[in-house]
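Visitor: A single structure is presented below for examination.
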Amino acid sequence: MKKINEIFYSLQGEGAHTGVPSVFVRFSGCNMRCYFCDTRHQDGVEMSDEEIALEIAKYPAEWIILTGGEPSLWIDSKFVRYLKESTGKKIAIETNGSRTVPEEIDWVTVSPKNGFEGAGDYEIMISKADELKVVDLGQDLDQYFGYKCVSTSTKMYLQPCFMEEEEACAAARKSTVERVLNDPRWTLSLQTHRFLGIL
């Protein structure tokens, strides 16, 4: 059994697959406590692998996105293979990188939380990331290019931190745009689902 916060069908709002229809499987629980997290970890229901697959199969998307929380707390190779075989879909994961992930996953997004409030410093355990998605809190950006999961093929995304107060949010977006312009190793990622008013 796995604790699932929600399963829903929407467009990927961030990173390399922005705009791609996807089935999101949001797990409850995380080994970090970042202050900007948008997952309500106290919520969720216990679901079997079969129940999860049946819910995913209701939607026509090509991609499943395992997210959270921290999905690596709940999954293994057997689960990933089962989802792929039973749904015929590709699988992506959004992870903080503090734990290894099954090699059967088709796309790995690492969103490191090193140095953030509630996370502290930890070793990145993933050896290869398809994309690195960093929430911009004014931290040193050079550190991320030294991660063992980053290679010349890793897509590097810098994303402004969402804030409820519009003036602060606008300032954060402006700062992140300036940082990307000053360091073109990065590409700007926006939470387009927030602009569109969708999940």
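No lab work stands behind these numbers, since they all come straight from the coordinates. Since the structure is predicted, the reported quantities are computational estimates derived from the model, not experimental observations. So basically every Cβ, Gly included, is an ideal-geometry build from the backbone, and we count neighbours across all protein chains shown.
Visitor: On a 0 to 90° scale, report how tilted helix 166-182 is relative to the longest principal axis of the chain, with both axes built from alpha carbons and the result rounded to the nearest 10.
Guide: 80 degrees
Visitor: Now for a different question. Round to the nearest 0.05 the FRET efficiency obtained for Leu54 and Glu103 when R0 = 45 Å and r is the Cβ-Cβ distance.
Guide: 0.95
Visitor: Starting from the Cα-Cα distance between Thr187 and Ser127, subtract it from 0.36 nm times their residue separation and give me the gain in nm to one decimal.
Guide: 19.4 nm
Visitor: Let me ask something additional. Taking the Cα centre of the chain as the origin and placing charges on Cβ (Lys, Arg +1; Asp, Glu -1), which of Ala53, Gln143, Asn114 is farthest toward the positive end of the dipole?
Guide: Selected residue: Ala53.
Visitor: If I histogram all Cα-Cα distances within the range 1-81 using bins 10 Å wide from 0, what percent of pairs lands in each bin?
Guide: 18, 50, 31, 2
Visitor: In addition: Could you work out how far helix 77-87 tilts from the main Cα principal axis of the chain, as a 0 to 90 degree angle to the nearest 10?
Guide: The helix 77-87 is inclined about 70 degrees to the chain.
Visitor: Once you charge only the Cβ atoms, +1 for Lys and Arg and -1 for Asp and Glu, what is the size of the charge dipole of the chain about its Cα centre, to the nearest 20 debye?
Guide: Dipole about the Cα centre, nearest 20: 340 debye.
Visitor: With +1 on each Lys and Arg Cβ and -1 on each Asp and Glu Cβ, how big is the dipole of the range 84-199 about its Cα centre, in debye rounded to the nearest 20?
Guide: 400 debye
Visitor: Give the residue list of trypsin sites (Lys or Arg not before Pro) in the range 1-108 that are DSSP loop and have at most 14 other beta-carbon atoms within 10 angstrom.
Guide: Passing sites in the range 1-108 are Arg33, Arg40, Lys58.
Visitor: Over the chain, calculate the relative contact order: mean separation of alpha carbon pairs under 8 Å at least 6 apart, over the residue count, as a percent.
Guide: 18 percent
Visitor: For Asn31, what residues show an amide H to amide H distance below 5 Å, using hydrogens built from the backbone and excluding near sequence neighbours?
Guide: Close amide H contacts, sequence-distant or interchain: Glu70.
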